[in-house]
Amino acid sequence: MKSVYNLLLHLLRVFINGEIPDKELLASVDGVELYNQARLQGVSSFLFETVYQHNDLLKIDHNVLTHWKEKTVVTAARQLMMLPTIETIFNLFETNGITAISLKGLVFKEQYARPELRSMNDLDVLINEKQMNQCIEAMTSLGYKPNELNYNDPDHMHIDMIKAGTFAVELHRTLWHPKYMQKIDNSDWVDHIWKDKRLQTVAGFQFYCLSPEDELINAVIHTARHLKHSNANLRLLSDFVLFFNSYRNQIDINYIEQTLKSMAILDFYYYLMDTCRLYLGLHLPDNYQLNSTKNSVIIIQNIMNKEEMIISSDRDQEKKINGYQYLLQKIKLVISNSSIYNKLLKIVHPLRSKARFLRKIGLHFRY
């Protein structure tokens with residue numbers, strides 16, 4: 001990996017676990033490149049204080065650091081300005097007898113020392129399908145309108161409620177995207193979600209959120225979906241590590257594993273756990289053993305390198321070509337010189353590469 005990637009991961013370990021900075025690693029850094037990568041990975045705001053604290057070692061240019069600070073202040077202000085509107089929305093739900101479960105951002109923010117520095121661009125809530133129309137109607141009273149594309153698509157996992165000048169609200173029908181994930185019957189998990197929901201207080205107002213176990217399961221699914229779309233970032237991993245470290249002695253690991261096994265993504269969960277352990281210092285529960293640790297490097301490379309999908313090479317497993325194989329190779333060479341073949345290859349190859357990558361990390365490929 002690029003040196004800036006290693007530095008960024010190291011700074012995140014310092015931020016998450018309070019590790020002692022590696023002076024040698026921090027000694028040579030391109031401040032502009034570090035900031036750009038941190039921003040691309042969604043971690044620039046909450047990582048700023050760590051960078052500022054150790055800038056005697058990093059020696060980032062004053063202008064770069066000032067720009068970073070200004071962007072961080074803007075992020076914090078925006079996050080704090082969202083809270084009154086979020087409180088109004090949850091009060092609206094309660095007034096109308098609508099049970100909503102907050103997802104991801106609002107809960108994960110509380111794991112950060114400065115919650116306002118963990119950016120959140122929208123509000124995600126899980127709504128019972130039976131109350132969906134009632135919920136949409138209630139939100140129109142606040143000036144929100146449903147996105148017609150996903151409102152009219154019953155297979156889409158959420159309906160975007162949009163209002164000019166403010167953030168969107170995603171009304172989730174499900175946490176398992178039926179269009180892109182392997183089709184499963186997750187009714188038992190859905191029942192558990194509603195039965196074990198819990199009350200959380202943030203900024204003086206209360207709302208329902210997922211149980212710690214279901215929050216982690218949803219984080220695994222959410223990360224898997226973003227990897228499928230090649231837009232996973234380090235903020236997802238930071239959320240996962242901070243939340244897991246906070247609840248690791250309280251959660252029912254067996255329930256998490258059995259649920260993920262029923263969804264056919266248990267192997268991915270193990271790879272994700274080991275990736276977080278290796279690169280971000282995830283603290284595993286006592287006496288917990290990973291069943292599989294390979295392919296973690298593939299996950300982190302694909303998260304860090306957003307320019308192109310990183311696929312591990314199988315060339316070391318190629319066999320020597322015998323006479324028959326030589327003839328076959330000649331035929332393939334003729335076909336490969338065809339203009340039609342090359343046009344098809346440009347379309348098919350990225351999909352084949354992505355499918356191969358996803359299978360390596362225990363995910364189903366479906367488009």
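The values are calculated or read from the model by the stated rules, or taken from the named source; none is laboratory data. Note that the structure is predicted; figures quoted are calculated from it, not measured. Here Cβ is always computed from backbone atoms with ideal geometry, including for glycine, and neighbour counts include all displayed protein chains. Remember, those area values only see protein heavy atoms, side chains included, never the ligands or the DNA or RNA. Shrake-Rupley method; radii C 1.70, N 1.55, O 1.52, S 1.80 Å.
Within the accessible area of region 46-130, what % is carbon and sulfur when the probe is 1.4 Å and the other protein chains stay in place? Answer for region 46-130 is 50 percent, counting heavy atoms of protein chains only. Summing charges over neighbours of residue 191, with a neighbour being any other residue whose Cβ is under 15 Å away from its Cβ, gives -3 when K and R count +1 and D and E count -1.
Per-peptide packing, taken as the mean over residues of other Cβ atoms within 10 Å, places 34-41, 51-58 in the sequence 34-41, 51-58 from highest down.
For residue 53 and residue 110, FRET efficiency with R0 = 30 Å and r from the beta-carbon atoms, rounded to 0.05? Don't skip to the answer; put the middle values down first.
Working: r = 22 Å, r/R0 = 0.74.
After rounding, the FRET efficiency stands at 0.85.
Highest mean first, the peptides 80-90, 15-25 sorted by other C-beta atoms within 10 Å per residue fall in the order 80-90, 15-25. Peptides 190-200, 161-171, 271-281 ranked from most to least packed by the mean count of surrounding Cβ atoms within 10 Å: 271-281, 161-171, 190-200.
If the viscosity is 1.567 mPa s and the temperature 4 °C, what translational diffusion coefficient in µm²/s does Stokes-Einstein give for region 171-225 when Rh comes from Kirkwood over Cα pairs?
104 µm²/s
Any idea what log10 I(q)/I(0) is at q = 0.12, 0.21, 0.23, 0.27 Å⁻¹ for region 6-78, Debye with uniform C-alpha scatterers and no solvent? Log10 of I(q)/I(0), two decimals: -0.27, -0.87, -1.06, -1.46. In this simple spin-label model, placing a label point 7 Å from the Cα along the Cα-to-Cβ direction at both residue 200 and residue 69 gives a separation of 3.2 nm. Percent of Cα pairs in region 33-117 per distance bin of 10 Å, from zero to the largest separation: 15, 39, 25, 14, 6, 1.
Other residues lying with their Cβ under 9 Å from the Cβ of residue 103 contribute a combined charge of -2, Lys and Arg counting +1, Asp and Glu -1.
Using a probe of 1.4 angstrom and keeping all protein chains present, the accessible surface of region 88-132 works out to 38 square angstrom per residue.
Extending 7 Å from the Cα toward the beta-carbon at both residue 226 and residue 155 defines two label points whose distance is 2.6 nm.
Taking label points 7 Å from Cα along the Cα-to-Cβ direction, residue 183 and residue 134 give a separation of 3.1 nm.
Computed about its Cα centre, the charge dipole of region 127-266 is approximately 260 debye, with only Lys, Arg, Asp and Glu carrying charge at their Cβ.
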